[in-house]
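Participant: First the structure, which I've put down as structure tokens, then a few questions once you've had a look.
The values are calculated or read from the model by the stated rules, or taken from the named source; none is laboratory data. The model shown is predicted, which means the values in this text are computed figures rather than measured ones. Here Cβ is always computed from backbone atoms with ideal geometry, including for glycine, and neighbour counts include all displayed protein chains. Areas reflect the complete protein model, heavy atoms only, side chains present, ligands, DNA and RNA absent. Shrake-Rupley method; radii C 1.70, N 1.55, O 1.52, S 1.80 Å.
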Amino acid sequence: MEKQKATVLLVEDEEAIMTLLRYNLEKEGFKVHSAMDGEEALTQVKEYKPDIIVLDWMLPSMSGVDVCKSLRRNAETKNIPIIMLSARGEEDDRIQGLDSGADDYLTKPFSPSELVARIRAVFRRIRPAFTESSLSFEQVVMDLNTHRVTRGGNEIHLGPTEFRLLRYFMEHPGRVFSREQLLDAVWGQDIFVELRTVDVHIRRLRKALNYDDKQNDLVRTVRAAGYALEIVPAGQAQEEDSAV
Ligand code: CA
């Protein structure tokens, strides 16, 4: 199975730098979205939920620092890692950049391979899902090489779609995904599948994971929003198929 591509949002108003970075990030296997200014960056973050943002400090109108602060204030975006780029090299700027909520700071000029290394380092620290060969959550362990899934040591048998669904959830524990977002992420944007199909596979996944009544349910149905990988105490009633 192909390793899931991490999505990078590049925010940079200089086209030459944008082109160079995009080329190199894509070559390294990242999926790249781009924005030329701060406002556009905020819109794109909402739309694409990137796994990491590479954010230039000097942007027209809204600065990178302001974009960073704005993202950190919002519950939905506050955990997205940000690497700030700057032409400034002063120690004060570096501190201000990190204070505004950036996870790392890179001074221009830098080589694309240095950026790639920093991105991987941030992922290793914050999002091990992209570098590790196994994922775990609440006694569920997914081995991404052998495709073996266990809960509390007991083997769990999943169909290929349930496996991809669980993998996506385990890469983003606690995050609520709408059925549309799950369709895009797990089935792919080009395939036409009815939203109801998601519910069917969620039900199968839930059944496979909760092989014992006493276990906590791990798939939360969030009314009017979607589904999330979260601990739902055993016995707590969950609505079925009501994610719409
Ligand atoms: Ca700039």
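Participant: Among (1) of a type in the set (Ser, Thr, Tyr); (2) outside any loop (DSSP other than H, G, I, E, B); (3) within 16 Å of the ligand (Cβ to nearest atom), there is one condition SER113 misses while meeting the rest; what is its number?
Facilitator: Against the list (1) of a type in the set (Ser, Thr, Tyr); (2) outside any loop (DSSP other than H, G, I, E, B); (3) within 16 Å of the ligand (Cβ to nearest atom), SER113 comes up short only on (3).
Participant: Same structure again: Taking the residues in segment 1-21 that are open to solvent by 70 Å² or more (accessible area, probe 1.4 Å) and farther than 28 Å from THR161 by Cβ as candidates, determine which candidate is nearest to the ligand (Cβ to nearest atom). Show your work before the answer.
Facilitator: Taking segment 1-21 as the starting set, the residues that turn out to be open to solvent by 70 Å² or more (accessible area, probe 1.4 Å) are 1-3, 5, 14-16, 19-20.
Going one step further and asking which of them are farther than 28 Å from THR161 by Cβ, we end up with 14-16, 19-20.
Working: GLU14: 5, GLU15: 10, ALA16: 11, THR19: 14, LEU20: 13 Å.
The selected residue is GLU14.
Participant: I would also like to ask the following. Could you check CYS68 against (1) of a type outside the set (A, V, I, L, M); (2) within 16 Å of the ligand (Cβ to nearest atom); (3) open to solvent by 30 Å² or more (accessible area, probe 1.4 Å) and say which number it fails?
Facilitator: (3)
Participant: Could you grab me the full set of residues in segment 57-97 that are among the hydrophobic types (A, V, I, L, M, F, W, C), in a helix (DSSP H, G or I) and over 21 Å from the mean Cα position of the chain (by Cα)?
Facilitator: VAL65, ILE95
Participant: Condition first: more than 13 Å from the ligand (Cβ to nearest atom) and surrounded by 17 or more Cβ atoms within 10 Å (Cβ to Cβ). Now tell me which residues in segment 41-65 satisfy that.
Facilitator: LEU42, GLN44, VAL45, LYS49, PRO50, ASP51, ILE52, ILE53
Participant: Continuing with this model, one more query. Could you look through segment 22-40, keep only residues that are at pLDDT 95 or above, open to solvent by less than 50 Å² (accessible area, probe 1.4 Å) and not in a helix (DSSP H, G or I), and pick out the one that is nearest to the ligand (Cβ to nearest atom)?
Facilitator: ASP37
Participant: Filter segment 71-87 down to residues that are under 19 Å from PRO109 (Cα atoms) and more than 11 Å from the ligand (Cβ to nearest atom), then give me how many there are. Outline the logic, then answer.
Facilitator: First, the residues of segment 71-87 that are under 19 Å from PRO109 (Cα atoms): 82-87.
Cutting the leftovers down to more than 11 Å from the ligand (Cβ to nearest atom) gives us 82-84.
So the count comes out to 3.
Participant: For segment 146-189, which positions are open to solvent by 50 Å² or more (accessible area, probe 1.4 Å), within 17 Å of GLU47 (Cβ to Cβ) and not in a helix (DSSP H, G or I)?
Facilitator: Of everything in segment 146-189, those that are open to solvent by 50 Å² or more (accessible area, probe 1.4 Å), within 17 Å of GLU47 (Cβ to Cβ) and not in a helix (DSSP H, G or I) turn out to be ARG175, VAL176, GLN189.
Participant: Against the conditions (1) assigned to a helix (DSSP H, G or I); (2) out of contact with any Pro (no Cβ under 9 Å at 6 or more places or on another chain), where does GLN44 fall short? Just the number, please.
Facilitator: Looking at each condition in turn, GLN44 falls short on (2).
Participant: Could you say whether any residue in segment 122-138 is touching a residue at least 12 places away in the same chain (Cβ under 8 Å), within 16 Å of the ligand (Cβ to nearest atom) and in the same structural domain as PHE30 (by TED's automatic domain parsing)?
Facilitator: no
Participant: Against the conditions (1) outside the structural domain of PRO233 (by TED's automatic domain parsing); (2) in contact (Cβ under 8 Å) with a residue 60 or more places away in the chain, where does LYS78 fall short? Just the number, please.
Facilitator: (2)
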